[in-house]
There are 2 protein chains.
Amino acid sequence: MYERKTPVTIDCGLHLFMEVMNGKWKINLVWCVYNEIKRPGELRRKIPNATRRVLEGQLKQLVNHGILSNKSYDVKPPKVEYSLTELGESLIPIIRSTAKWGEENREKLEKLILE
Amino acid sequence: MYERKTPVTIDCGLHLFMEVMNGKWKINLVWCVYNEIKRPGELRRKIPNATRRVLEGQLKQLVNHGILSNKSYDVKPPKVEYSLTELGESLIPIIRSTAKWGEENREKLEKLILE
DNA sequence: TCAAGTACGGATAAATTTGTCCGTATTATA
DNA sequence: TATAATACGGACAAATTTATCCGTACTTGA
């Protein structure tokens, strides 16, 4: 696994949030789990642009950061389910408000982002 | 300058927000400008861990994304000031709420983030 | 005149994140 | 008996972001 070479900077609350939510697909993952799409395979199918490897990595980070928890059922074939922790739940209103901001300004932003 | 090789993904509002705010120091920069720390030199001194080069790049992106605007006074020595656009202003409550979330959960998060 | 302040930018290296290709194991279905 | 589904992980390549080191130009103050 990759080992950090420089310390993370978490001076302020903003940084804590960003540290947890940065990652190309993390918000999607949290949002999916919130909407009952909770098994690895389901998540992959729901977010087809992301590779399995990356989703796995980001799910693992979300678990490590206390946003998601995963339950592994001891059955064959294997079954795993992710769910929001209490901390993860507390993130939902914020995610919702950032999404709202994005949608409200989509027209303007799309133009600017795509040069 | 660096040229992207893969298209950006902005399916949802969350992504629009992340696209604009991702970058190690962007939230700090926006927050500083909101608090009247608006000249390049001031910003560098306020955020000493960031290199000038990176701050310049992120400021430029924030301007390109319509969050900040910069006014260049034609004086010697040169003087430049950044300010929030209307779009940038609309981001303030959201930044505030993410910061609040981070601070409220700092103890827990610090522990988790630092392994 | 020399050092330090104002501000900006190119070229390249280092760090980090994301993607690709390989592999493991078990079970149900065609 | 293949094929696909379940789920996971190592090794490495490619893309992207951040940092370092070089340079420009002008002005003020010691």
Inset, instruction - State, in square angstrom and to the nearest 100, the accessible area buried between chains B and A, both chains counted, probe radius 1.4 Å. - result: 3900 Å²
Inset, instruction - Over 19 Å, how big is the tail of the calculated P(r) for the range A:18-70, in percent of all Cα pairs? - result: 13 percent
Legend entry - Cα lying deepest toward the dipole's positive end in the protein assembly as shown, options A:ILE67, B:TRP101, A:VAL80, charges on Cβ: A:VAL80
Legend entry - For the range A:19-29, Karplus couplings with θ = phi - 60° (6.51, -1.76, 1.60), whole Hz, Gly/Pro x: 4, 7, 9, 5, x, 3, 10, 5, 4, 4, 4
Legend entry - chain B, dipole about Cα centre (Lys/Arg Cβ +1, Asp/Glu Cβ -1), debye to the nearest 20: 520 debye
Inset, instruction - Enter the per residue convex hull volume of the protein assembly as shown, computed from alpha-carbon coordinates, in Å³ rounded to the nearest integer. - result: 148 Å³
Legend entry - Degrees between helix B:52-64 axis and first principal axis of chain B (Cα, 0 to 90, nearest 10): 90 degrees
Legend entry - Burial of 20 Å² or greater, the range A:1-16 residues [accessible area, probe 1.4 Å, versus chain by itself]: A:VAL8, A:THR9, A:ILE10, A:ASP11, A:GLY13, A:LEU14, A:HIS15, A:LEU16
Legend entry - Surface share of carbon and sulfur [accessible, 1.4 angstrom probe, percent] for the protein assembly as shown: 50 percent
Inset, instruction - Could you tally up the Lys pairs in the range B:13-113 with alpha carbons closer than 12 Å? Skip any pair fewer than 8 positions apart unless they're on separate chains. - result: 5
Legend entry - In order through the range A:101-115: 3J(HN,Hα) via Karplus (6.51 cos²θ - 1.76 cosθ + 1.60), integer Hz, x for Gly, Pro: 4, x, 5, 4, 10, 3, 4, 4, 5, 4, 4, 5, 5, 8, 6
Legend entry - P(r) weight above 16 Å for chain A, C-alpha pairs, percent: 66 percent
Legend entry - Relative contact order (%) - criterion: Cα under 8 Å, at least six apart; region: the range B:13-113: 24 percent
Legend entry - Heavy-atom surface of the range B:13-113, accessible at 1.4 Å and reported per residue (Å²): 54 Å²
Inset, instruction - State to the nearest 20 debye the size of the charge dipole of the protein assembly as shown about its Cα centre, where the only charges are +1 on K and R beta carbons and -1 on D and E beta carbons. - result: 700 debye
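The values are calculated or read from the model by the stated rules, or taken from the named source; none is laboratory data. Note that the structure is a prediction, hence the values are computed from the model and not measured. Quick reminder, even Gly has a Cβ in these numbers, built from the backbone with ideal geometry, and neighbours come from all protein chains shown. The protein model used for the area step is the full one, side chains on, heavy atoms only, and it has no ligands, DNA or RNA in it. Shrake-Rupley method; radii C 1.70, N 1.55, O 1.52, S 1.80 Å.
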